[in-house]
1. Normalising by the residue count of the chain, find the relative contact order in percent from Cα pairs under 8 Å and 6+ residues apart.
2. Cα axis of helix 2-20 to longest principal axis of the chain: angle in degrees, 0 to 90, nearest 10?
3. Treat the count of other C-beta atoms within 10 Å as a stand-in for reagent exposure and order His27, His342, His119, His314 from fewest to most.
4. Under a Cβ-only charge scheme (Lys and Arg +1, Asp and Glu -1), can you give me the dipole magnitude of region 221-274 about the Cα centre, in debye to the nearest 20?
5. A 25 angstrom limit on the alpha carbon distance is what I want to check against. Which of Lys94/Lys143; Lys70/Lys283; Lys47/Lys70; Lys141/Lys375; Lys24/Lys130 exceed it?
6. Quick check: convex hull of the Cα atoms in region 77-199, volume per residue, rounded to a whole Å³?
7. Compute, for the chain, the length of the dipole vector about the Cα centre, with Cβ point charges of +1 (Lys, Arg) and -1 (Asp, Glu) only. Units Debye, rounded to 20.
8. In degrees from 0 to 90, rounded to the nearest 10, what is the angle of the helix 270-285 Cα long axis to the longest principal axis of the chain?
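No lab work stands behind these numbers, since they all come straight from the coordinates. All of these numbers come straight from a predicted model, not from anything done at the bench. Counting neighbours? That spans all protein chains shown, and the Cβs are built from the backbone with ideal geometry, glycine included.
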Amino acid sequence: MKKFKNLFTVLLALIVATEVQAIKITHGPYLCDMTSDGVTIVWTTDKPGVAWAEYAPDTPESFYAEARPKVFESVAGRKLATETVHRVRLKGLKSGASYRYRVCTQEVAYNSKTRTTTHGAVASTSTWTKNRFKFKTFDEKKKKLSFLIFNDVHGRASFMRETSKAVNFDSLDFVLMNGDMSNHVSDEAMIFKGYMDTAVSMFATRIPIVYARGNHEARGTFANDLIKYFPTRSGNFYYMFSIGDVCFTVLDCGEDKPDSDVEYYGLADYDAYREEQAEWLSKNVASDEFKNASTRIVFLHIPPTVEDWHGNNHLRKTLMPILNRAGVNMMFCGHTHEYSYHPANSESAFPIMINGNDACVLVTVANGKIDFSVKKP
Ligand SMILES: [Fe+2]
């Protein structure tokens, strides 16, 4: 009898262990790189697996829809099975339309002896009929846009919540993270504990993130992995997008000190990077999308015309001549940790608003007019 009891205990322990080890969604989902016809959904799991998103228009008919599209995380026709950071791009969506979605990851084990693959448990954010997430694509016809800016959060997730408590996130088109969201990027936890878990709980499952890297995100042993968490179609941290005829240019400042500074351990190559970006920017401002826009807004963490540091000066030399000729209406920056507003002057053909580290900024754009209000806790 004792033998059976022992066997039962072992079996029970195995069952419990199996349950404990079932694949789990650990962070997200959240939305990146929104356009009027697509979006990239990002989430992570504690184990690698095949990942997909299911979505459908947010209509009563789609509620029980069995034929909802499944979009897999795949590269060159092959589903990825070895990743724990999952990125699925939905394409061919309608402008200004609402969609429901859920995300799933299934464990896949490969047995090298038998050369067989076994598909295991599925982790999902919800069932199809319960607790699905929703989002709305950018509306090409929208006449009034609004967005919120967080910058220089430096891992203070609770500050994000306090400073934006009066903001109605559902009224926003996107949320800009304008640099220095962490002190550095040494591991995945710094991204999620520092700000993204809070962003997901506040808005990021339904309102897209626009990510502009700060100089502090260029530091740390995990810094090269950051783009996985904030993917763009181009694979770059500098890019352009539009909502209707309002055009946004996201720039990447690089580091503030010279590449040779002891703080960068010989790993900085930002002078060449800013020059590469200037080349891209020249082409970008010559595009029809940029030239035909009614309003042109630029996001850049380090303000180029303020302070006398190497990074600011090099941005002034490489990017500002192009922007000054391009008909930019306004630039939003951070970095100084202190609010200041700089009307157009001899160095900048457009006003520059610098948000401090003690506030977020609510911006509205309508009829070619840009308004902003600073929100403090
Ligand atoms: Fe900062």
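1. Details: 833 pairs, mean separation 54.3, N = 377.
Over the chain, the number comes to 14 percent.
2. The helix 2-20 is inclined about 20 degrees to the chain.
3. His119, His342, His27, His314
4. With Lys and Arg at +1 and Asp and Glu at -1, about 320 debye.
5. Result: Lys70/Lys283; Lys141/Lys375 exceed 25 Å.
6. 173 Å³
7. With only Lys, Arg, Asp and Glu charged at Cβ, the dipole is about 1960 debye.
8. 80 degrees
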